[in-house]
Amino acid sequence: MKSLVWFRNDLRVDDNPALRAACSKSEEVHGIYIYSEKQLKFHNEANCKVEFIIQNLKSLERTLNKLNIPLTVISSDGFTEDAEKILNLINERSIKEIHWNNQFGTDEESRDIEVENILINNNINFFSYDAQILFPAGTFKTGEGKPYSVFTPFKKRWIDNFNIDLLDIEYNYTPKEKTKISSNINDFKFRFAKDHSVDMSLWPVGEEEALKRLDNYLDKKIFYYSKDRNEPIIDGTSRLSAYLALGIISPKRCILEALKKNNFELDSGEQGVTKWIDELVWREFYKNIMFSFPRVSKGRPFQEYTNKIKWRFDEGEFKAWKSGNTGFPLIDAAMRQLKNEGWMHNRLRMVVAMFFTKNMLHDWRLGEAFFMQNLIDGDFSSNNGGWQWSSSTGTDAAPYFRIFNPLTQSKNFDADGLFIKKYVDELKNIDKKDIHDPSNEIRSNCKYPAKILDLKESRLRAIDAFNEAKN
């Protein structure tokens, strides 16, 4: 029997439920990936992320080739074309069934329904799997039968229902029957034009590199994660997020290997391990939110009263924030890190998002979109969840009156100013006692900009805006 595997954001062989099922059932297996430049732009996918997708597709093709599985890349004008494109390939190759791993988001779900309908109408068997989460979305409900909207009780249910059998992911692939079809990836016209300045050497391509990065992190650094994760100058995080976002590595693989370092304990033992697994559960939580509350996929806040907030907009402030020229050194260092690396330290994501939505009082949707347009690890559910948390419009949100002071955050988590010096070249020779909030004289001498706003006044402005919306 011939089977087709539809690759989406699961560019891997290890722990790929769709690929595993197809290989288990069929003598001949084909792979397909639908590439849509228009759809990528519509979803604000970063230029550096698109480059990462293309390079990892090529790496995946080489791995599949060893299994005699050809990977065919097909061009599409958008999700509405996908169903017909898939059916045409199925008919052309006399394929009997198709397998894919589920995605999250209203656009993706609508597309999949269209695909399912056309397959049903043409008597084609299809099978879908959960590759991004351990439990099917919507599994856990509160005592009132509602989806969880707070992380801590969600995590408790997740842990209570966890069984090591959920991590039974080992599978030995054997080469399939050879086919006359060849992969077309080397001839495919991606029409990709690089316009980013990210150092891509920071993100080695391929599944093997992702697994190596996981192994290296778990060897020592994970044990210090709870302590080191908040200091951006310390290389204390795994930097696996870009690989998780594209499915180059699976969350199950990450959890399984981490548990091996902690005697398979989820909520006791090594604090660094349990805290790191917490972050993976957060990713699953936000995917459940997207599934259970579709409005967050449509540019709407989770906390519906915040629709009434009167966001302001200042083009000059917005440009200063985007370019890392706000006059607040930690904010500027974080924004310049984003441009240079396509990535930002997690604590700094919260600090700059709260500064943007509270102190600047700019609409969170503008910041959310800008992050997606620049992050190599852009994951819609996690990015949306983080921005809505920071702006106090989302689930589990910080109270609206909690506003991180960027100067305090700078002194607490970059005490010697080493992170600032790494990214804000103008301040690289400034003494640590001055670097968090340079005097006007230092700013003038270094050609570093003045602060775009007053922290105290802007904080009170934000509180007033939220109070007005709430009442």
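The values are calculated or read from the model by the stated rules, or taken from the named source; none is laboratory data. These figures come from a predicted structure and were not determined experimentally. Note: ideal-geometry Cβ built from the backbone for every residue, glycine included; neighbour counts use all protein chains shown.
Across region 63-78, the number of residues qualifying as part of a helix (DSSP H, G or I) and either under 21 Å from the mean Cα position of the chain (by Cα) or under 14 Å from ASP187 (Cα atoms) (or both) comes to 0.
Taking region 98-131 as the range and being hydrophobic (A, V, I, L, M, F, W, C) and surrounded by 14 or more Cβ atoms within 10 Å (Cβ to Cβ) as the test, the residues that pass are ILE98, TRP100, PHE104, VAL115, ILE118, LEU119, ILE124, PHE126, PHE127, ALA131. Residues being among the charged types (D, E, K, R), surrounded by 22 or more Cβ atoms within 10 Å (Cβ to Cβ) and modelled with pLDDT of 95 or more are entirely absent from region 229-242. The criterion of being in the same structural domain as GLU315 (by TED's automatic domain parsing) and in contact (Cβ under 8 Å) with a residue 60 or more places away in the chain holds for LEU330. Residue selection: LEU348 fails the criterion of being crowded, with 23+ Cβ neighbours inside 10 Å and under 15 Å from the mean Cα position of the chain (by Cα).
Taking the listed residues GLU92, GLU116, GLU81, GLU108, the one that is acidic (Asp, Glu), at pLDDT 95 or above and within 30 Å of LEU202 (Cα to Cα) is GLU108, with no other qualifying. The test for being surrounded by fewer than 15 Cβ atoms within 10 Å (Cβ to Cβ), in contact (Cβ under 8 Å) with a residue 24 or more places away in the chain and either of a type outside the set (S, T, N, Q) or in the same structural domain as LEU453 (by TED's automatic domain parsing) (or both) does not hold for TYR286.
For beta carbons closer than 6 Å, sequence separation of 6+ or different chains, a first residue in region 394-416 that is more than 22 Å from ALA333 (Cα to Cα) and a second that is part of a helix (DSSP H, G or I), the qualifying pairs are GLY394/GLN388; THR395/ILE289; ASP396/PHE151; ALA397/TRP389; TYR400/PHE466; PHE401/ILE463.
Of all the criteria given as (1) of a type in the set (Val, Ile, Thr); (2) closer than 23 Å to SER94 by Cα; (3) assigned to a helix (DSSP H, G or I); (4) in contact (Cβ under 8 Å) with a residue 12 or more places away in the chain, the one not satisfied by ILE185 is (3).
Residue-wise test of (1) in contact with a helix residue (DSSP H, G or I) (Cβ under 6 Å, 6 or more places away or on another chain); (2) modelled with pLDDT of 95 or more; (3) under 28 Å from GLN39 (Cβ atoms).
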{"residue": "SER226", "(1), (2), (3)": "yes, no, no"}
{"residue": "ILE249", "(1), (2), (3)": "yes, yes, yes"}
{"residue": "ARG253", "(1), (2), (3)": "no, yes, yes"}
{"residue": "LEU256", "(1), (2), (3)": "yes, yes, no"}
{"residue": "LEU259", "(1), (2), (3)": "no, yes, no"}
{"residue": "VAL281", "(1), (2), (3)": "yes, yes, no"}
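Within region 197-219, the only residue that satisfies the criterion of being outside any helix (DSSP H, G or I) and either touching a Gly at 6+ places or on another chain (Cβ under 7 Å) or farther than 26 Å from ASN340 by Cβ (or both) is VAL198. Would you say ILE452 is within 23 Å of LYS319 (Cα to Cα) and crowded, with 18+ Cβ neighbours inside 10 Å? In short, yes.
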